[in-house]
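J.: Dumping the structure here so I can ask a few things about it.
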Amino acid sequence: MIAERKDDHVRLAVEQQQQHSGRNQFDEVSFVHHALAGLDRPDVSLTTAFAGLTWPVPLYINAMTGGSERTGAINRDLGIAARETGVPIASGSMSAYFKDPGCARTFSVLREENPDGFVIANVNATASVDRARRAVDLLRADALQIHLNTVQETVMPEGDRSFASWVPQIERIAAGVDVPVIVKEVGFGLSRETVRLLDGLGVRIADLGGRGGTDFARIENGRRPLGDYAYLDGWGQSTAACLLDAQDAPIPVLASGGVRHPLDVARALALGASGVGVSGTFLRTLLDDGVAALIARIRTWLDHLAALQTVLGAPTPAALTHCDLLIHGELRDFCADRGIDTRPLARRSGSLTSATR
């Protein structure tokens, strides 16, 4: 049954990718163009450093799948793509492994194909400390991701209905494993209040996981005979909104959810993300065109990101946070309601002379 559910998730996620309108709130973030801000391309680096970690690139393949024969094959190809491009990679939820150790290789193949890369294990917020350690050990993981998915669980026919234990359990896991803990939403966003709470629990990094990409409420509703939770379509905050909400976050943040192209990566980095995760877009590329096409696409994204940094005068991904941004539309309304002043974002580059002399 678990394997069937994992295969359903992949099928429904790809269907969503095919149905997407193409627009989300990243389109309400734009760079102010300064025609003389540009750098020399050799002076641009994609290296990002945060929470004591250093990644060669600020792009990563975010949590997707595992737990069945088909999803194991997908993870094998994702591991190959990560190895060939140098991007970090996160496993999908490893709950299936705890229920059926026989499916272990559908997850461990990520490490087998990517022996020297940065690999992130993934558990839910109800996992025991022992299970969290087992997940890390199985992948020889460099970090542990705990996913938050109350909305998904609520819509899932066989999902969890008890959430009060999640906060103390996250704290126990964070204290009980020897790798950095990342807590991520699965597509409904982390508010600034939640990020501050996570900091107090010992979590090192927050993956904001906002609305705009794969909608797991829709996926689970597609598995319900009556589809009676359709009214939850659009629940949560967009990734761009979460980044603006977390401007003064006490821990580093990663951005995922609705990242469609390299410009969205640059926008997310400029809004304060230390790294940017992609799932649905890469999954569709892999399933439609194969692993070679996915490798080529990731390489193209990295090349384009470096080109955008060159034009914007940002020698590093972190330097994008000094570029001037304009916030438009409903995203600006969100900021007004949350008490976020967006005007300083439009005037933070200062003088261009230091970049051009």
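J.: Could you tell me whether segment 245-254 includes any residue that is at pLDDT below 95, assigned to a loop (DSSP other than H, G, I, E, B) and over 17 Å from ALA270 (Cα atoms)?
T.: No - not one qualifying residue is present in segment 245-254.
J.: Quick check on this structure: which one of ALA90, ALA104, ALA82 is under 23 Å from GLU153 (Cβ atoms) and either within 17 Å of the chain's Cα centre (by Cα) or not charged (D, E, K, R) (or both)? Reasoning before the result, please.
T.: Working: ALA104 fails: under 23 Å from GLU153 (Cβ atoms); ALA82 fails: under 23 Å from GLU153 (Cβ atoms).
One residue alone meets the criteria, ALA90.
J.: Going residue by residue through segment 161-183, is there one that turns out to be of a type outside the set (Phe, Trp, Tyr), crowded, with 24+ Cβ neighbours inside 10 Å, at pLDDT 95 or above and within 27 Å of GLY22 (Cα to Cα)?
T.: No; the residues of segment 161-183 include none that is of a type outside the set (Phe, Trp, Tyr), crowded, with 24+ Cβ neighbours inside 10 Å, at pLDDT 95 or above and within 27 Å of GLY22 (Cα to Cα).
J.: Another question about this same structure. Which members of segment 107-124 meet the condition of being more than 15 Å from VAL177 (Cβ to Cβ), within 19 Å of the chain's Cα centre (by Cα) and not in a helix (DSSP H, G or I)?
T.: Residues satisfying the conditions are GLY117, PHE118.
J.: Answer with yes or no whether SER191 is of a type in the set (Gly, Ala, Ser) and surrounded by 20 or more Cβ atoms within 10 Å (Cβ to Cβ). Can you show your working first?
T.: Values: of a type in the set (Gly, Ala, Ser): yes; surrounded by 20 or more Cβ atoms within 10 Å (Cβ to Cβ): no.
Spelling it out, it is not the case that SER191 is of a type in the set (Gly, Ala, Ser) and surrounded by 20 or more Cβ atoms within 10 Å (Cβ to Cβ).
J.: Across segment 125-139, what is the total count of residues that are outside any helix (DSSP H, G or I) and touching a strand residue (DSSP E or B) at 6+ places or on another chain (Cβ under 6 Å)? Before you say what the answer is, go through the steps one by one.
T.: Initially, segment 125-139 is screened for residues outside any helix (DSSP H, G or I), giving 125-128.
Pick out the ones that are also touching a strand residue (DSSP E or B) at 6+ places or on another chain (Cβ under 6 Å) and you get 125.
Looking only at that region, the number is 1.
J.: Give me the pairs: first residue in segment 219-242 and within 15 Å of ARG338 (Cα to Cα) and of a type outside the set (S, T, N, Q), second residue in a loop (DSSP other than H, G, I, E, B) and at pLDDT 95 or above, beta-carbon distance under 6 Å, and six or more apart or on different chains, which are they?
T.: GLY236/PHE188; GLY236/GLY189; CYS242/GLY189; CYS242/LEU190; CYS242/LEU208; CYS242/GLY210
J.: In addition: Restricting attention to segment 233-256, report how many residues are open to solvent by 20 Å² or more (accessible area, probe 1.4 Å) and either among the hydroxyl-bearing types (Ser, Thr, Tyr) or under 21 Å from ALA63 (Cβ atoms) (or both).
T.: 5
J.: Considering only residues that are open to solvent by 10 Å² or more (accessible area, probe 1.4 Å), at pLDDT 95 or above and not in a loop (DSSP other than H, G, I, E, B), which ones fall in segment 257-284?
T.: PRO262, LEU263, ARG267
The values are calculated or read from the model by the stated rules, or taken from the named source; none is laboratory data. Bear in mind that the values here come from a model prediction, so they are computed numbers and not experimental data. Ideal geometry is used to build each Cβ from the backbone, glycine not excepted, and the neighbour counts take in all protein chains shown. In case anyone asks, the SASA skips ligands and DNA or RNA and just uses the protein heavy atoms, side chains included. Shrake-Rupley method; radii C 1.70, N 1.55, O 1.52, S 1.80 Å.
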